[in-house]
Each structure stands twice: as C-alpha cells, then as structure tokens.
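Below is one structure; the comments refer to it alone.
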Amino acid sequence: MKKALLLGASGYLGSVLYEILNRRGWEVTGTCRGRCGQRHVPLDVTDRERLAALIGRERPGAIVWSLMSGTDEARLIRAGLGGLLALIEPATRFVFVSTDGVFPGNRGNYSEADATTYWQAGHELAAYCSAKLDGERMTRERHDNHVIVRTGPIYGPDAGGQWDRRVRTLLASLERGERVVRSGNVFRTFVHVEDLASALAELLDSEWRGTLHLGPGGRESYWSFCRKMARRFGFDPAAIEENVVTPEEAAANGILLDTTLDTRKAQALLATRFRSVDE
C-alpha cells in the first residue's frame, strides 16, 4: 500500500484529509498532540529524536505538513520543519500547507506570480504568517520533491461534523441576537475544507512540483462571506453589518491596503473543482 505520514491529523484540516486518504487507498499514520487515543500517534515534531524514530519505523513515501501553532509558529517551523527536512529521503513526496497570509493585503485572489511580503512586526498575525513564509523558503531550498499549497480561510465541517471556528462564532452571535459587523473591503478566497483536502490527496498522488494556490476562482469579503453563511443556516443576512477598514486601521494592523482592489482572478490549478461559498 501507499504509505503517508500526516502531521496534524487530529486538527481541523488534518481530520478531513485523514479520512479522504484512507478512502483513496493510502495507509496513513496520523500524528497529534496530547491525548490521541488509539487512532493517532502522539508526537511533538520539534522532538527530532522521536520524529526520526517515527519516520524510520513507518518509512512513508509521502508526508503532509498540516500543522499550525499560532504565535509559536516560528519555533514550530524552525525546529519541527527544519528537523523533518533534514531527516526525510530525497524521494519522499512532501506537501507543505501554507497560507494566503504570505500576502498581507486586502484584495484576495492572489496568484502564484504575486510577490510575497512579510507582515509588519507586532501584529498578532505577523509571527504566524512570517513563519509560514520562512517554511516555504526552507521547503524549496532543502527538499526538491515538494508541493507548497497556499490556501485562503478554510470553512466547513471537520471529520466529526463540527464547523470551523469562524462560522461557529458567527452563528453563536446571531443566535444571541448580538450585533455582528464584518469588513467589506478585506477580501479572501474562502476554501471549503473537503475540497482542499481532496486536492491535497490528489497532489500527493501526482509528480507535480512547485507552489500552488488552491481554491475557487472567486473571492469574498469577510462581510459577504458571513452574509452567505448566515443565509445558509437560516438567519437573516441583513443582520450582518458592513464596515470598511480605513488606511489608518490597516496600517495599525499590518495590512497593506490596496484601494484599487485589483479584480483579476487567480489562475489556480484545480480551481474548477472547488465549490463557491454559495454552494
């Protein structure tokens, strides 16, 4: 059987990818942090000795990095990813899941040809997004047989049927009758978790190498996305109020505000296989 090591199998995206890979005939070893039960292997990827033992024991032909650690992302990338890339064989297929946060702008629908930029230091997303950018660089420099996947905000139910935190928070606020305000001039390419996991599984089986943006052809503002989610769950979308991020607010939050809002569609491979937020 094809053998894969899925780092972060108990996470949001990882849980869906784990199920899909198993359905597609992979023998999957999934890792998690803390108590894992019998399904996954407990592993701190920054522990190089234990990571080396796991890789030596399982000898996977493919590895997926589906990990994130928020404000501690820099350590995760430096110690964890750095250690992993030093351990795996050149022939091992490696997929690194990155983020569209490597573009700290507001227009969304970025293409692979767009120039990445580090966030301004001090913003809460700066450490995470900058570390992801460092992880991309490390992957390119140290392992040839790789695919770097950039994805926008992920939504939809995980393998256990629980929706993502963004949608859960929105629905909870609507149920309590609270005021909900979202920005109408910050755009992202929202990606359904099952579509993304299916594309990752397909890439794991392919020989294509390089950097890809995976997602639908369209974009949504946070305001339009939340309106569509409200409607989907039976709430009045008019309850979602729109605000506009000002240049001052953008500067304070590390956002490179583009007031022209380029409307080009990203030329993403597999884009036609992704559902829109409306579906």
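The values are calculated or read from the model by the stated rules, or taken from the named source; none is laboratory data. Small disclaimer: the values here were computed from a predicted structure and weren't measured. Note that each Cβ is placed from the backbone with ideal geometry, even for glycine, and that neighbours are counted across all protein chains shown. Protein only, heavy atoms only, side chains kept; ligands, DNA and RNA dropped before computing areas. Shrake-Rupley method; radii C 1.70, N 1.55, O 1.52, S 1.80 Å.
A few remarks follow.
- No Cys partner within the rule (Cβ under 4.7 Å), the chain: Cys129, Cys226
- Sparse-neighbourhood loop sites, GluC sites (Glu not before Pro) in region 134-218 - DSSP loop, at most 16 other Cβ within 10 angstrom: Glu178, Glu207
- Built from the Cα atoms of region 1-52, the convex hull projects on average onto 3.8 nm², one quarter of its surface area.
- For region 49-88, projected area of the alpha-carbon convex hull averaged over all directions, nm²: 2.9 nm²
- Of Ser206, Ser15, Ser111, the one that fluctuates the most in a GNM where the chain has Cα springs shorter than 10 Å: Ser206
- Across Leu171, Leu196, Leu13, mean-square fluctuation computed from a Gaussian network of the chain (C-alpha pairs under 10 Å connected) peaks at Leu171.
- Of all accessible heavy-atom area on the chain, the percent that carbon and sulfur account for (1.4 Å): 48 percent
- With the charge dipole of the chain set up from +1 on Lys and Arg Cβ and -1 on Asp and Glu Cβ about the Cα centre, the Cα lying farthest toward the positive end among the listed residues Leu84, Tyr128, Ala115 is that of Leu84.
- Taking chymotrypsin sites (Phe, Trp or Tyr not before Pro) across region 193-243, the ones in a DSSP loop with at most 11 further Cβ atoms lying within 10 angstrom of their Cβ are Trp208.
- Separation of region 1-77 from region 115-134 is 24 Å, based on Cα centroids.
- 0 to 90° range, to nearest 10: angle between helix 12-23 axis and the chain longest Cα axis: 50 degrees
- For the chain, the longest principal axis of the Cα atoms and the long axis of helix 126-142 meet at an angle of about 40 degrees.
- Measuring max minus min along each principal axis, the C-alpha atoms of region 103-223 give extents of 52, 35, 24 Å (largest first).
- Cα coordinate range in the chain, projected on the principal axes (Å, largest first): 55, 37, 34
- Rounded to the nearest 10 degrees, the inclination of helix 193-205 to the longest alpha-carbon principal axis of the chain is 30 degrees.
- Alpha-carbon spread of region 174-213, three principal axes, descending order, Å: 50, 24, 8
- Pairwise Cα inverse-distance average, inverted: Kirkwood Rh of region 1-158 (Å): 16.2 Å
- Remark: the chain carries 48 Å² of accessible area per residue (probe radius 1.4 Å; ligands, DNA and RNA excluded).
- Our coupling estimate for region 25-37, obtained by passing each phi through the Karplus curve with A = 6.51, B = -1.76, C = 1.60 and θ = phi - 60°, is x, 7, 8, 10, 9, x, 10, 8, 9, x, 6, 10, x Hz, Gly and Pro reported as x.
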